[in-house]
Amino acid sequence: MPGPRSYLGVELARPRVGVFDFTSCEGCQLQFVNNEATLLDFLDLMELVNFREAMTEQAGDYDIALVEGSISRADEVTRLEKIRTQAKILVALGSCACFGGVNQLKNRFNDLKWVKKEVYGNFPIATQKVRPISDFVTVDFMLYGCPPRKEEIEKVVTNLVVGKKITMPKYPVCMECKANENICLFGLGEPCLGPITRAGCDAWCPNNRRGCWGCRGPAEAANVRELEAIMARHGFSREIIIDRLECFGGFAGQVAELRRQSEHPRKARSTGQA
Amino acid sequence: MKPSRTIAINHLTRVEGHGNIRIRIKNGTVEEARWEVVETPRFFEAMLVGKLWENAPYLCGRICGICSIGHTLASIRAVENAFGITPAEQTDELRLLLKHMETMQSHILHLYFLAAPDFLGVGSVLPLTRSHPAEVQRALRLKLLANDACDLIGGRRLHPTRTVVGGFTMLPEKAQLERLAQRLLAAQEDLAAAAELFATFTIPDFARETEFVSLKGDHCYPFIGGELVSSDGVVKQEEDYRAMTNEYCEQGFTSKLSRLSRDAFAVGALARLNNNFDHLHPAARKVARGFGLTPVNHNPFMANIAQLVECVHVAHDSLAIIKELLKRKWRPPRVPVTPKKGKGVGAVEVPRGILYHAYEFDREGRIVKADCVIPTSQNHANIHADLKALARQWAAQGKADTDIELLAQMLVRAYDPCISCSVH
Ligand code: SF4
Ligand code: SF4
Ligand code: SF4
């Protein structure tokens, strides 16, 4: 949306920013206040007009809406649509908003009745299939990650404020991981989704000797077959891949494809499943 | 005759998650006073079914953006108990240090960003950056220190990366721990100044006799695992947590609720302090006494002060832990994990109170059943009961609506509720 951005850059020195939450852990918005060293300078860039978790004052219009969380109840749709009409730019903040996040794991049962019963017994409770916010409104910008990096949030918001073009990496986490000279986790006997996950987090987990769980969704040329081959070489089954790949919702298409292949093992054999 | 008044606050601000307050007063009598929880449920207990054990801590950390470390540690403990894994002493110490630093960052966030604005008559911390710049800088300094420590030990302040079943994926460097110790020493001055600031606040005069539930400390102020205790004299084993939580559902709450000896009980910093006062670090006890906070204190607004006291405690205890860790030679960061069929419970004191995770596994280590009981869900019934008593007391005293409205909000905030967590 080049229009509003340049508009912002020219006409608005301090854009009005609102932070909103739907079905979520509220961690993304907390990343805002988790950057203590630069917090006050960062907040000075904008006029924070709506941030329920941190302030009592609320206003009805804003230039930038940062929206956290996925949609899982009818009233959330109405609230989201209203935010869209009041915002010039709407940013999906974090993997819950971008893909449904961990919340979408409940969708995989295809049985809301069972899901409700498992947690609430017979107590009536309203819920629906978890969906990303882009299923309901136009999203101008996606900020991936569970959680997104706080530096990234600051960079994106700052660039939106000054009207600078924002580019996100399309290559996989492996590139960042190798640049950081980490020991590859496969060599340590740990599975990792870095080969197919979109970079931009600076290989946050592998830097800490933890396999990537794919929270940022697929890289541009995500090759699941190749990942399966690497995994198989190190003795990891398709179940392990699916078990991790399905966690944040970004790989919904790839997971469905892997499941289909498991149901038709003839096709699966050629991928060298362990 | 006094007019009828209705106080309705939808989506209360400066708390985590979505809750409403409703108070109806007619002729000076409270007809209705309610706490409602309207947060959308996420169904974590269902989501986990069928997942392999290694996902449990990783996913369950996502129950909460503030105490993700606490959830991760409770989840890890439940898995380790189910598989019969005993972590190394070094792991226990690092976990407690990590836990302490989360407690500090969460308490400071609550005290300065969520609670203090009410006492200083403003709507958020933003105006305080101009009126009280030194105080805000101090809060940011303390929070940064605690968050940096969480990065150092857990790999990441939010949704930690290094914490795994069996131990850690990697360890901090000792030089970094030494630097952390220096910062903790320097922080004591900031904590003393924080206590001075809070001493200038007027804590509302209100009390309602309450049962307090927490871990039971035998030799130390308890944070990770052990027996469960209530101030009414109930003692249970960790694996019998259900006898302590007695969860039920009720109209007006998308969260579950809890009760024990009475209709409601409270968990959190005040409960921990009431049940384990003698185990606090002497410096923390001194701060508590300075505020007239000794057990058993029944004023829910004193939970703010209890958090402050705990900040002093964890700062001192962290220094002691680091001293121990520096004396040791590093051992391997983790022990191997062999999944097995079985059940396990993990009880951990997180910033807002006692948290339980419980899982049942099949032979391959797939989750068959999961249960998480959240501190705030245990507090909801007590918040509700307090709101009623508070509205009654202050309506009878003829307090203005605006006063009652503010005090009701301050009451809920004193519990530092994490509503999204309670409706996980
Ligand atoms: S994306 Fe992750 S950190 Fe953000 S709200 Fe969702 S679960 Fe929390
Ligand atoms: S550790 Fe993961 S991200 Fe890093 S190089 Fe290996 S596969 Fe790629
Ligand atoms: S390494 Fe993978 S799981 Fe970790 S933050 Fe980056 S994309 Fe997410």
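The values are calculated or read from the model by the stated rules, or taken from the named source; none is laboratory data. Quick caveat, the model's predicted, so the values are computed rather than measured. When we count neighbours, we look across all protein chains shown, and the Cβ atoms used for this are built from the backbone with ideal geometry, even at glycine. In case anyone asks, the SASA skips ligands and DNA or RNA and just uses the protein heavy atoms, side chains included. Shrake-Rupley method; radii C 1.70, N 1.55, O 1.52, S 1.80 Å.
Structure above, values below:
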item: 5 Å binning of all Cα-Cα separations within chain A, expressed as whole percents from 0 upward; result: 1, 6, 12, 15, 16, 15, 13, 10, 7, 4, 2, 0, 0
item: The range B:103-159 versus the range B:370-406: alpha-carbon centroid distance in Å; result: 25 Å
item: Overall form of the protein assembly as shown per C-alpha gyration tensor (a/c, 1.5; a/b vs b/c); result: rounded
item: Mean ellipticity per residue at 222 nm, deg cm²/dmol - from DSSP H runs of n ≥ 4 across chain A, formula -39500 (n - 2.57); result: -11000 deg cm²/dmol
item: Shielded by partner chains, the range B:112-126 residues - at least 10 Å² of accessible area, 1.4 Å probe, vs chain alone; result: B:PHE113, B:LEU114, B:GLY123, B:SER124, B:LEU126
item: Cysteines having no other Cys beta carbon under 4.7 Å from their own, within chain A; result: A:CYS25, A:CYS28, A:CYS96, A:CYS98, A:CYS174, A:CYS177, A:CYS184, A:CYS192, A:CYS201, A:CYS205, A:CYS212, A:CYS247
item: Principal-axis tilt of helix B:303-327 within chain B, Cα atoms, nearest 10 degrees; result: 10 degrees
item: Inter-part distance where the range B:184-259 and the range A:189-215 are each reduced to a Cα centre, Å; result: 37 Å
item: Relative contact order [Cα under 8 Å, 6+ residues apart], chain B, whole percent; result: 26 percent
item: Taking the C-alpha atoms of the range A:5-162, convex hull volume expressed per residue in Å³; result: 113 Å³
item: With all protein chains modelled, accessible area of B:TYR356 [1.4 Å, Å²]; result: 0 Å²
item: FRET efficiency for A:THR56 and B:ARG262, using Cβ-Cβ distance with R0 set to 45 Å, rounded to 0.05; result: 0.85
item: Projected-area mean, chain B, by convex hull of Cα positions, square nanometres; result: 19.2 nm²
item: Highest-MSF residue in chain B out of B:ALA395, B:ALA306, B:ALA358 [GNM, Cα springs under 10 Å]; result: B:ALA395
item: Rough spin-label spacing in nm, given labels placed 7 Å along Cα→Cβ, for A:PHE109 and A:ASP41; result: 4.8 nm
item: Solvent-accessible area buried by pairing B with A, both sides, nearest 100 square angstrom, 1.4 angstrom probe; result: 5700 Å²
item: Apportionment of accessible area to carbon and sulfur, chain A, percent (1.4 Å); result: 52 percent
item: Solvent exposure ordering (accessible area, 1.4 Å, most first) of A:ILE166, B:ILE23; result: A:ILE166, B:ILE23
item: Helix-only [θ]222 nm of chain B, DSSP H runs n ≥ 4, -39500 (n - 2.57) each, per residue, nearest 500; result: -14000 deg cm²/dmol
item: Positive-end extreme of charge dipole, the range A:173-266 - chosen from A:MET175, A:ASN208, A:THR197 (charges on Cβ); result: A:THR197
item: Pairwise FRET efficiency - B:LEU326 versus B:GLU364, Cβ, R0 = 45 Å, nearest 0.05; result: 0.65
item: Straight-distance crosslink candidates among aspartates and glutamates, where the alpha carbon sits under 14 Å from B:LYS388 and sequence neighbours closer than 8 are dropped; result: B:GLU31, B:GLU32, B:GLU36, B:GLU209, B:ASP263, B:GLU405
item: Zero-based 10 Å bins, Cα pair distances in the range B:285-352, whole percents; result: 14, 28, 27, 20, 11, 0
item: Over chain A, relative contact order from alpha-carbon pairs under 8 Å, at least 6 apart, %; result: 18 percent
item: Per-pair calculated FRET efficiency, R0 = 35 Å: B:GLN176 and A:MET175 via Cβ, rounded to 0.05; result: 0.80
item: Nearest-20 debye value, the range B:13-113 charge dipole, Cβ charges on Lys, Arg, Asp, Glu; result: 440 debye
item: Accessible surface, the protein assembly as shown, averaged per residue in Å² (probe 1.4 Å); result: 37 Å²
item: Label-reachable residues, the range B:116-156, where backbone N falls under 14 Å from a point 7 Å from A:ASN182's Cα toward its Cβ; result: B:155-156
item: Under 21 Å from A:LYS88, Cα to Cα: lysines that are on another chain or at least 8 residues apart; result: A:LYS155, A:LYS164, A:LYS165
item: Max mean-square fluctuation residue, GNM over chain B, Cα-Cα springs under 10 Å, options B:LYS216, B:LYS329, B:LYS236; result: B:LYS329
item: Gaussian network model of chain B, Cα within-10 Å springs - most flexible of B:ARG22, B:ARG331, B:ARG183; result: B:ARG331
item: Along each principal axis, Cα extent of the range B:35-151, largest first, Å; result: 54, 39, 20
item: Spin-label pair B:THR402/A:LYS129, simplified geometry with 7 Å Cα→Cβ offset, distance in nm; result: 5.0 nm
item: Residue (of B:LEU270, B:ALA195, B:LEU228) at the positive-pole extreme of the range B:183-311, dipole from beta-carbon charges; result: B:ALA195
item: Whole-percent carbon and sulfur share, accessible surface of chain B, 1.4 Å; result: 49 percent
item: Entries in B:LYS174/B:LYS216; A:LYS113/B:LYS369; B:LYS143/B:LYS286; B:LYS51/B:LYS341 that, when Cα-Cα distance is taken, lie over 20 Å; result: B:LYS174/B:LYS216; B:LYS143/B:LYS286
item: Crossing angle, helix B:89-108 versus chain B [Cα axis fit, 0-90 degrees, rounded to tens]; result: 20 degrees
